[in-house]
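The values are calculated or read from the model by the stated rules, or taken from the named source; none is laboratory data. No experiment lies behind these values; they were computed from the predicted model shown. Cβ sites come from the backbone with ideal geometry, for glycine too, and all protein chains shown count toward neighbours.
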Amino acid sequence: MNRYRRYKGWLLFSPWILTFLIFWLFPLVYSFILSLTDYRLLSPDVDWIGLGNYTRLFSDSDFVASLKNSFIFVIGTIPFTTVIALFFAVLLNERFRGRTFFRAAYFMPSITAMVVIALIFSNLLARGGYVHLLAQMIGLDPPANGFLLSEKTALFSIMGMDIWMASGYYMLLFLGGLQTIPNELYEAGRIAGASRWQQFRYITLPMLKPVTLFIIVINSIKSFQVFVEIFVMTKGGPLNSTFTGVYFVYETGLRQFDFGYASAAAYILFAIIALASLIQFKLLKTGWTA
Amino acid sequence: MMTFRRILKYFILGVIFVIMVFPLFWMFALSLKSSGGGLTLENFTYIFSANKFGRYLFNSALVGLVVTAGNILFCFMCGYALARRRVIGEKIWFYTVLIVLMVPVHIVIIPIYILMNKLGMYDSYAALILPWLVNPIGIFLIRQYVSTLPVSLEEAARIDGAGEMRILFKIVMPLCRPALAILAIQVFMTNWNSFLFPFILTSSEQYRTLPVALALLLGYQSINWSQLMAGSVVAVIPILAVFLVFQKQIIAGITAGAFKQ
Amino acid sequence: MKRYSILICLVSLLILSCGGDKAQKIKISWWNFWTDANIKPVVEQIVADFERQHSDVDVELVDLTWADGHDKIAIAFSSGSGPDVVELGSDWIPEFSSTAHLMDITDIIDNDRDRYLMWDPAVYQDRVYAFPWILGTRILFANKDLLSQAGTDPEFSPKTWDDLYSASKTINDQGDDVFGFGSNSAERHRLYKKFLPFLWSNGGSILSDDGKSCRLDSPEALEALQYYLKLCETGLTDTQRRLEDAFLDGKIGFVISGDWLLKRIDREKPGFNFSTHLIPVPHEGYHSISFAGGEYLAVNAQSPHKELALELIKHICSPENQILFCLKNRTANPSSIAAASDTAFLAQPHFDTFIMQLETSRMSPAHPRWVYIEGKLEKAVESALYKAKTPQQALIDAKNDIDELLKP
């Protein structure tokens, strides 16, 4: 009877086993094998070239540039997104009239498809678009042909857009974190004569550490994989200034069909993401609590 | 003093509100603008008649609903099996959650692309649906929820002679409704907005979903901005409606950490 | 049990009798890119015509899209499947012919070579692998209202580089809101096409005649790039799409574009006051060589019905069917010489400019690694346009990179 029930249990669980094996584990192994070959779509012969693709990648200036851009993207967005999201959350944590309304409004960009956001902003950021006009009005000196056509501003404007889009989402995560802080802590703080800032600094922030860690890790993983924005808005240009790691994989793998080479690039990105997440865990010295 | 603080707070909230909402407002406004400058619905009629938006809308809805239904069923089955210790190695299965969260999709997309081609499923509904029918985050959401339900109900039913299927779907599943609702909404929203997989695994208009259609339309000479924004509105409205109706569940779901964008 | 077997017999009989008619027909598949509701009926009509002439043939139409039709073809060929007849963009042909996926049609089309234009991109190692169908080239569009506003004769036609530069500058000086020449920004697969007409008209070329080395380090290339950059200063740099928007808005004096812009003007601004011209040349006496591209039809080397497939191609490309197709699609450049000289065709406004331009137009060199060469060329123009490199440096770097790619 027990064995029979076990067997049925595995049957119930089989959808995930199958999905995991076919659509995650197999591709992971397969692309690693691919990365050791020179497999290209239209050429019939495939050879083992060992780490050849990996060494070629590091002398490929396009790949190195794409890595650099990915790093700029991650390092340049995460602090802003996190701080802004926290600010929103603190602002919208107390009860007051209209709280739900503002929460919903701030969250709205996050539920909108990235493609739609990218389309909207490719117009707003172009010459004569509202963001461009606003920048002119307040006396900034925006590039004459719009933000996306200058190699100095293209990447930063897409980063800005991402911060705008993601803040509302992480705000909700922070709100969830804020609710887990017991009120007694604040009461104790008030009795000890702590100011609002001190309460925030010594109670709220430390208590939010696990959520913050979670947000930073998730956000780095996501930001490292930025693709749709680039595809819709700049296609990697101008002068490769928005050419990111994943875009490199897309171009070499699915445009030029250099499957082996693209898989190697994908694995390097994977290694970087895994390493970065590990370092973040260690740095913040907190366990996984999600 | 208090009132000054309040005014200041509302002022800050208002400024942020404008920044957060203006781009979407602009999208709506432009989609309703006629070429002469007045208000019109002609951009919508144009994209539906000349650009097969009806088809894309149908595809997005079909894929979204099937994937959502699949997740309700399969995440429930898997989550239940885990919760009732019918499957061993829970820790290992928890690591698959981490893998799915951490592995960048572009690393699996080339093999999946090759696989779909070999299976003859490239450019079909199967390619859009099969990989997403169950997700580990959903499984653990259900697992968590089922563990809070008392086992006694199931045991009582078993003593009454109810079969496994009956217990599972007639007794436990209805009890899980709140968790399943959160799961369904999140899966639907994520799927509705997804771009990369549909973009790479399909090519014909027959299987094109809204986000893919929008990204490709930007490159066409024959469509103007108002029409493009009308298309965007079509893609946004269903999600906005879902969001406004199910706000509470959505926020609850995200704060439970069960949302992978 | 017995009842079931009778039933099965009946059903299989039914299937056989229904399928019988079709089983005798030969199936030919044609992958094409014409999904537009406006033109698809014409494609279907042409095919139905062919089926009427060959009652034993059934042509299956499969739609591809520009977004990833190329990928789909590549995958199909590499897995040994693929259609009998396939439509290919001109610069894709070498990729498939060099890997032996296309049928060699050299000996079968002999007398057609004089009746159709632009065979070059279909040739690989002196053999022909594809049949030219619909061609396209780029010409210069001018806004007549802006010309007269700037005090120039609205009928003015810029013949030389100097003509174009000074006319463009005069318009550009009219104010902050009007621009002389509309030039492409860093846009993949678009930017280099705008530079090539100037390079070629100046006697330059990308590759040497034997295709073994890159010639972008020539003085002609440098001169062309320097002129192009100077011309870009007298106007607006933006994406092709927004340039054409601005041209239709009356903001830009000159823009280089293809026949799709005619279509757009017809639909959106029927009364628009514009003129069309050949691409200007460096000095009088030079040939105006523009960039051309085209749609070609090829037979799958694995097809079991090669002869029929080729017959279908010839049917599609016949002068009558080309006229039918091009008039409906507002395409100005059929590959058939007879179609291009038909009076009904020449009567279309501005088509003559396109037809005249095509006579001296060129396509990108047919090379299996063209995608990569194109990338390097584009990078050179882009880095010079964005002043990341001097024109000299950009061209020399591109030459070295391309020479590397040309090594066997």
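Only residues that are surrounded by fewer than 17 Cβ atoms within 10 Å (Cβ to Cβ) and in a helix (DSSP H, G or I): list them for the stretch B:106-136, please.
Listed by number, the residues that qualify are B:LYS118, B:TYR125, B:ALA126.
Report yes if some residue within the stretch B:148-155 is among the polar types (S, T, N, Q), within 11 Å of chain A (Cβ to nearest Cβ) and either out of contact with any Phe, Trp or Tyr (no Cβ under 8 Å at 6 or more places or on another chain) or in contact (Cβ under 8 Å) with a residue 24 or more places away in the chain (or both); otherwise report no.
No, there is no match, as no residue in the stretch B:148-155 is among the polar types (S, T, N, Q), within 11 Å of chain A (Cβ to nearest Cβ) and either out of contact with any Phe, Trp or Tyr (no Cβ under 8 Å at 6 or more places or on another chain) or in contact (Cβ under 8 Å) with a residue 24 or more places away in the chain (or both).
Check C:PHE291, C:PHE274 and return the single one that is away from chain B (no Cβ under 14 Å), buried (at least 17 other Cβ atoms within 10 Å of the Cβ) and under 30 Å from B:ASN43 (Cβ atoms).
After applying the criteria, what remains is C:PHE274.
How about the stretch A:1-79: which helices (runs of 4 or more DSSP H) wholly inside it have at least 2 residues that are touching a helix residue (DSSP H, G or I) at 6+ places or on another chain (Cβ under 6 Å) and within 28 Å of A:TYR261 (Cβ to Cβ)?
The qualifying helices (runs of 4 or more DSSP H) are A:26-34, A:52-58.
Tell me the residue from B:PHE195, B:PHE188 that is without any contact (Cβ under 8 Å) to a residue 24 or more places away in the chain and either in contact with a Phe, Trp or Tyr (Cβ under 8 Å, 6 or more places away or on another chain) or among the hydrophobic types (A, V, I, L, M, F, W, C) (or both), please.
From the options B:PHE195, B:PHE188, the qualifying one is B:PHE195.
Look through the stretch A:67-108, keep the residues that are under 30 Å from A:ASN240 (Cβ atoms) and within 12 Å of another protein chain (Cβ to nearest Cβ), and return whichever of them is surrounded by the most Cβ atoms within 10 Å (Cβ to Cβ).
For the stretch A:67-108, the residue satisfying everything is A:SER70.
Taking the residues in the stretch C:219-249 that are within 14 Å of chain A (Cβ to nearest Cβ) and of a type in the set (A, V, I, L, M) as candidates, determine which candidate is surrounded by the fewest Cβ atoms within 10 Å (Cβ to Cβ).
Looking at residues that are within 14 Å of chain A (Cβ to nearest Cβ) and of a type in the set (A, V, I, L, M), I get C:ALA246.
Among the hydroxyl-bearing types (Ser, Thr, Tyr), more than 10 Å from chain B (Cβ to nearest Cβ) and on the phi < 0 side of the Ramachandran plot: which single residue out of A:SER223, A:SER167 fits that description?
After applying the criteria, what remains is A:SER223.
How many of the residues making up the stretch C:40-68 are modelled with pLDDT of 85 or more, of a type in the set (A, V, I, L, M) and touching a helix residue (DSSP H, G or I) at 6+ places or on another chain (Cβ under 7 Å)?
The number of residues fulfilling the criteria is 5.
I'm trying to understand the selection: among the residues of the stretch C:172-195, which are crowded, with 24+ Cβ neighbours inside 10 Å, touching a Phe, Trp or Tyr at 6+ places or on another chain (Cβ under 7 Å) and in a helix (DSSP H, G or I)?
C:PHE195
Does the stretch B:197-206 contain at least one residue that is more than 10 Å from chain A (Cβ to nearest Cβ), at negative phi and under 12 Å from the mean Cα position of the chain (by Cα)?
no
Show the residue pairs that are 6+ apart or on different chains and have beta-carbon atoms under 6 Å apart, the first residue being within the stretch C:23-36 and farther than 24 Å from C:ALA301 by Cβ, the second being at pLDDT below 75 and of a type in the set (Ser, Thr, Tyr).
Between residues of the stretch C:23-36 that are farther than 24 Å from C:ALA301 by Cβ and residues that are at pLDDT below 75 and of a type in the set (Ser, Thr, Tyr), there is no close pair.
Could you please let me know if C:PRO368 is touching a residue at least 40 places away in the same chain (Cβ under 8 Å), over 19 Å from C:TYR228 (Cα atoms), of a type outside the set (Asp, Glu) and surrounded by fewer than 17 Cβ atoms within 10 Å (Cβ to Cβ)?
yes
Yes or no: the stretch B:210-223 includes at least one residue that is within 14 Å of the chain's Cα centre (by Cα) and touching a residue at least 12 places away in the same chain (Cβ under 8 Å).
Yes, some residue in the stretch B:210-223 is within 14 Å of the chain's Cα centre (by Cα) and touching a residue at least 12 places away in the same chain (Cβ under 8 Å).
Tally the residues that are surrounded by fewer than 24 Cβ atoms within 10 Å (Cβ to Cβ) and within 20 Å of A:ALA113 (Cβ to Cβ), restricting the search to the stretch A:234-245.
1
Which members of the stretch B:65-93 meet the condition of being assigned to a helix (DSSP H, G or I), more than 18 Å from the chain's Cα centre (by Cα) and at the interface with another protein chain (Cβ under 10 Å from one of its Cβ atoms)?
Within the stretch B:65-93, B:MET77, B:CYS78, B:GLY79, B:TYR80, B:ALA81, B:LEU82, B:TRP93 meet the criteria.
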